[in-house]
Amino acid sequence: VFLVPAIVFAAGDSVTRREGFLLMWESILRPAFESKASFSDIADDTPGALEIRYAKNRGILQDEEEFRPEDPLLLGDALLWLFRTRNVRELPEMTADDVPEMIGAYPIVEMNRTLDSRVTREELLSMINVLDGKLRTEVHEVSFYGDDFQGEGTAFGEKFDKNALTAAHRSYPSNTLVRVTNVETQQSVVVRINDRGPYVHGRDMDLSEAAFMNIAHPGKGVIRATFERLGDFEMSDPCEESAPEYQRRITRSVQFFRGVPHAFRNGKQLVLQANRPFVVLAIVFPDGQKLRVQDFVHPDEKYRFTPDSDGSYTFLFGDAFGREREMRMHVSSC
């Protein structure tokens, strides 16, 4: 059995395959869509069904008959899914056999441990944070494309516009927002992935001419830069300087998959879904107005709320047994 480094944690319950995958998925701010792909043991009305099926369709999860959602998550699968959700390589180049090599490239665990050992929630969250931190500081070679491609079709069906803030990447999903920072000048630009490439050896991204000129003189041709993946352009906020912190727990047994962020952007839609039924009891708006909601939300449902003014919002949630929890969210315009 191959041994990989592993982090030592205090004893704790192992996370299930469903819970573990959803933790990884929620942290990349990527939408999921209806898919023909399915697992025989994932019912339509169970939490995460849409995301799990979509991930199978996209090749992030293995193409197997069963997902085994309540089985303990094992380290080998956790690492493979984590590397795939982060698109550290093109998906066909990331198989279970490639995990040891990828651990060598991204050493996110430290002590010898077998790939078939169970993973706790705390360990998984640590691996997610460590890998994301390493990816944010990884230095890449970046170039740009302009006049010769103006008006040509991109890999995702758009017309290339050299004046838009877009970029081509070999593995990032379409419509992903990425903050690109020139390591020499520390100037940054946020671009949207709308094309595949570049295909020059050693080159990791092609920026549009406008995006490149935001952070470097075009005469440079090629620069060294870091990438911070912000998520899908419909779900992420390019104005946020760092990933938001979420309030997840209503009670010990009732928890949101993502939760209520401490800070949020005015006009964005907040989407809440939990592992068990919860109640939206009331919302207090920045002007002090209190809206009594009394909306009961099942695990297969989502509660949606869009703030329309800046200030502090207070949510009062409850569970099926009458226990309550208050959460505050500060909303501001960018």
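The values are calculated or read from the model by the stated rules, or taken from the named source; none is laboratory data. Note that the structure is predicted; figures quoted are calculated from it, not measured. With ideal geometry, Cβ positions are generated from the backbone for all residues, glycine too; neighbour counts draw on all protein chains shown. When the accessible area is computed, the model is the full protein with side chains, heavy atoms only, and any ligands, DNA or RNA have been set aside. Shrake-Rupley method; radii C 1.70, N 1.55, O 1.52, S 1.80 Å.
Okay, here's what the table says:
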| read-out | value |
| --- | --- |
| Selected residue (only one of Ser35, Ser40 is of a type in the set (Ser, Thr, Tyr) and exposed (fewer than 13 other Cβ atoms within 10 Å of the Cβ)) | Ser40 |
| Residue, most open to solvent (accessible area, probe 1.4 Å), within region 81-124, restricted to residues that are among the basic types (Lys, Arg) and not in a loop (DSSP other than H, G, I, E, B) | Arg118 |
| Criterion violated by Glu141 - all others in (1) open to solvent by 60 Å² or more (accessible area, probe 1.4 Å); (2) assigned to a helix (DSSP H, G or I); (3) under 24 Å from Leu177 (Cβ atoms) satisfied | (2) |
| Residue selected from region 57-80 under the condition part of a helix (DSSP H, G or I) and more than 16 Å from the chain's Cα centre (by Cα), by the criterion farthest from Lys134 (Cα to Cα) | Asn57 |
| Close pairs (9 angstrom Cβ cut-off, 6 or more residues apart or separate chains): touching a residue at least 60 places away in the same chain (Cβ under 8 Å) and among the hydrophobic types (A, V, I, L, M, F, W, C) in region 187-209, open to solvent by 40 Å² or more (accessible area, probe 1.4 Å) and part of a strand (DSSP E or B) anywhere | Met205/Glu141; Leu207/Phe144 |
| Boolean, Val180 is β-branched (Val, Ile, Thr), open to solvent by 30 Å² or more (accessible area, probe 1.4 Å) and modelled with pLDDT of 90 or more | no |
| Hey, Val139 touching a strand residue (DSSP E or B) at 6+ places or on another chain (Cβ under 6 Å), farther than 15 Å from Gly197 by Cα, touching a residue at least 40 places away in the same chain (Cβ under 8 Å) and not charged (D, E, K, R) or not | yes |
